[in-house]
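Peer 1: Dropping the structure in here first, questions after.
The values are calculated or read from the model by the stated rules, or taken from the named source; none is laboratory data. Nothing here was measured: the structure is a model prediction, and the numbers come from that model. Note that each Cβ is placed from the backbone with ideal geometry, even for glycine, and that neighbours are counted across all protein chains shown. Side chains included, ligands, DNA and RNA excluded: accessible areas come from the protein's heavy atoms. Shrake-Rupley method; radii C 1.70, N 1.55, O 1.52, S 1.80 Å.
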Amino acid sequence: GETQRAMLGVELAGGFRMVSYRYESRYLACESVALHETISPVVEARARAGVWLSPFVNLGASVGASVIDQGSWMAGVHVGVASRAYNGRRN
């Protein structure tokens, strides 16, 4: 939802997360390389809020937590800039 100056929202986001680690080891004439990869599903419930500071600039924050991996969470802030002035109405 939104008012003339503020925005509030909730969402459910899903996808996959891939993490890749590459290790190289060298000791004298011995060289070894190890590659470890993991792919896991991600489902997060998120909430976000923002406020228009001017017709062209907004400031907001979001928080979320994993539905699958207990204890996994995210948080962020953003500054948004619009190329067209926001006047409190969506067209």
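Peer 1: Within the range 1-29, which residues are closer than 16 Å to ILE68 by Cα and either open to solvent by 90 Å² or more (accessible area, probe 1.4 Å) or in contact with a Cys (Cβ under 6 Å, 6 or more places away or on another chain) (or both)?
Peer 2: LEU12, PHE16, ARG17, MET18
Peer 1: Are there any pairs with C-beta distances below 6 angstrom linking a residue in the range 47-63 that is on the phi > 0 side of the Ramachandran plot to a residue that is hydrophobic (A, V, I, L, M, F, W, C) and part of a strand (DSSP E or B), with the two at least 6 apart or on different chains, and if so which?
Peer 2: Matching pairs, first to second residue: none at all.
Peer 1: Pick out, from the range 30-82, the strands (runs of 3 or more DSSP E) lying fully within it that include 2 or more residues that are open to solvent by 80 Å² or more (accessible area, probe 1.4 Å) and over 19 Å from GLN4 (Cβ atoms).
Peer 2: Because the criterion is at least 2 residues that are open to solvent by 80 Å² or more (accessible area, probe 1.4 Å) and over 19 Å from GLN4 (Cβ atoms), the strands (runs of 3 or more DSSP E) in the range 30-82 that meet it are 30-52, 73-81.
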